[in-house]
Amino acid sequence: MEPPENYSTSTSFAVPFEDAQKIILRWDSTASEEARERMIFGGDRQEVDLYLQAVDEIQKSMSSTSISPPSSHHHDQDSNSNKVNSAIQIAMARLEDEFRNILINHTSPVEVDSLFIPDHAPAPASSLNHNTSSVGSSNEFDQEEVGGGDHVDALDPIQRADSSNSSASYRSTSSIREIDLIPQEAVADLQSIAKRMISAGYLRECIQVYGSVRKSAVDASFRRLGIEKLSIGDIQRLEWEALETKIRRWIRAAKVCVRILFASEKKLCEEIFYGIGTAIDDACFMETVKGPVVQLFNFAEAISISRRSPEKMFKILDLHDALMDLLPDIEVVFESKSADSIRVQAAEILSRLAEAARGILSEFESAVLREPSRVPVPGGTIHPLTRYVMNYISLISDYKQTLIELIMSKPSTGSRYSGDPTTPDMEFAELEGKTPLALHLIWIIKIKGSPELREMIGDDYLRKLTGKFRQAATSYQRATWVSVLYCLRDEGLHVSGSFSSGVSKSALRERFKTFNAMFEEVHRTQATWLIPDSQLREELRISISEKLIPAYRSFLGRFRSHIESGKHPENYIKYSVEDLESAVLDFFEGYPVSQHLRRRSQ
């Protein structure tokens, strides 16, 4: 089809005004049943060309009428003007219907699954330089959502277009991927109609028709992507478990919307309205996508201003990272002046998500430090708060880079460590406790087995933590074993006189009885305590043995003869050194032992 500017009255393609008027009236759908049932652009191409020539002639006549000099034939001039205006109105109404019909007939739902490239599928050649977060490469596109490998064949049209020389079919800018939403033949027809409608002053009608049809197409794609029409209030009233699923779906959908759907809508507008007028293509683009964009961003905005709690941290960071990754693409797709509000909204949401993450981290820190519990955990095992904190920190390590950037860019003034966020200087609470609660602060020693955690806190801080462990272990030993070992001292056993013969047997028997009772109580209690970390458990046993066994062996060697020379020595010397060594192995296993220790060998 030749562009309208190539037609002239001197060519064989020219249509006289009277004939042009007849052609226009013949396709007047308000006056002809046949015109109502048939579409010009759905039939013979010669008929299409003839109608467009007629419209061009009517428009030219309208221009000629408007600039004709005044004459004595005002009545004839008014009559001609009325005929021209009537014909142009009928033609524009018809072209509007044709414009709408072409858009509708060539608007098919986008196959959403085909837009995702499974991890195992070979990437198109032009996407090899895409960043790792480009559509389809992220892990959140799990097999259940994407449909596994069943859609690899659906990628062929995009891959073929990408390998062709036609940049109109597929264009890649960074991670943006544009697809053809409407066939090029239909685009050419739409462009020819749009030029004539806009030149006749029907710009508003053209934009409204285009926007309404294409917005319906975008809405259909949204439904296929699982993007629901929810207000900010609706989103904030949802349970967090439901929101977690929706966040995963939103991240997946947002990448498709920005990098494929919105980018492709923009490309279509540029193709249809190219060269027609300044910013007309942008006006049609914004008419199409502004509502859907607001709907898309409302979800992330609702999450960013929702009530903060520690369990929300990781999904908020996922949202933050996804939006941060999309921001350059948003800047490209919505680069026009009329899209300022969209770029600003995206940047503000990103800022609020960052602030929410910082706030949650600060509140989590404060909540841990405010924990007042000094009550031993039944069984002396790891305190639930300790386990929760360690699991939380393990998960946080996956977001180390993001958190470093967020904290370094705006350190929390309420943090105890805001002076240097990279070098925390935690001062633990008093460690002089008498239970393993204080001791289990060192469950953080698991960091040694986690390269990610070790790198996150650094070797210097790990050494500080290890020192706190040593302090806690010393406190535990002092609180538990000083009184037991105190029974094995010499003081109070001697009477005045010779050192070798001045031992008070009654005092000695009482000392052995006290030691036995105290050791049995410690054994009974601490055998039920549980230290899950095998290295820590073994270190404590060794430390106990190093102090207890030599002291008992020495005491037994010095005073055994005094007890065995009297009556019923087995009531006082109940345990051998070997019995105590075996008993220490029961400590911190987490289960009760028999009421009485194994008696020493006779």
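The values are calculated or read from the model by the stated rules, or taken from the named source; none is laboratory data. None of these values were measured; they are calculated from a predicted model. Heads up, the Cβs are rebuilt from the backbone with ideal geometry, glycines too, and the neighbour counts pull from every protein chain shown. Side chains are part of the model used for accessible areas, which takes the heavy atoms of the whole protein and leaves out ligands, DNA and RNA. Shrake-Rupley method; radii C 1.70, N 1.55, O 1.52, S 1.80 Å.
Overview of results
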{"quantity": "Residue-wise HN-Hα coupling along the stretch 264-270, computed from phi with Karplus coefficients 6.51, -1.76, 1.60 (Hz; x: Gly, Pro)", "calculated": "6, 4, 5, 4, 5, 4, 4"}
{"quantity": "Length added when fully stretched, ASP490-GLN184, from 0.36 nm per residue minus Cα-Cα", "calculated": "99.8 nm"}
{"quantity": "Highest-first arrangement of 235-241, 38-44, where packing means the average Cβ count within 10 Å", "calculated": "38-44, 235-241"}
{"quantity": "Cβ-Cβ FRET estimate between ALA507 and ASP234, R0 fixed at 60 Å, reported to 0.05", "calculated": "0.15"}
{"quantity": "Accessible area of the stretch 217-267 belonging to carbon and sulfur atoms, whole % at 1.4 Å probe", "calculated": "47"}
{"quantity": "Area of LYS574 that stays accessible when all protein chains are in place (1.4 Å probe, Å², to 10)", "calculated": "40"}
{"quantity": "Descending semi-axes in Å of the stretch 509-589, equivalent ellipsoid built from Cα gyration tensor", "calculated": "27, 13, 8"}
{"quantity": "Rounded FRET efficiency, nearest 0.05, which uses the C-beta distance separating THR525 from ALA551 and R0 of 22 Å", "calculated": "0.60"}
{"quantity": "All lysines inside 29 Å of LYS315 as judged from Cα atoms, apart from same-chain residues fewer than 8 positions distant", "calculated": "LYS229, LYS246, LYS255, LYS290, LYS400, LYS410, LYS446, LYS448"}
{"quantity": "Set of lysines near LYS513 by C-alpha distance (under 30 Å), chain-local residues within fewer than 8 positions excluded", "calculated": "LYS434, LYS505, LYS547, LYS567, LYS574"}
{"quantity": "The stretch 265-376: radius of gyration over Cα atoms, expressed as a fraction of 2.2 N^0.38 Å", "calculated": "1.51"}
{"quantity": "Mean separation of Cα contacts under 8 Å, 6 or more apart, over the residue count of the stretch 245-327: relative contact order %", "calculated": "33"}
{"quantity": "For the stretch 453-551, fraction of C-alpha pairs farther apart than 18 Å, in %", "calculated": "62"}
{"quantity": "Residues of the stretch 218-294: accessible area per residue with a 1.4 Å probe, Å²", "calculated": "39"}
{"quantity": "Solvent exposure ordering (accessible area, 1.4 Å, most first) of ASP180, ASP219", "calculated": "ASP180, ASP219"}
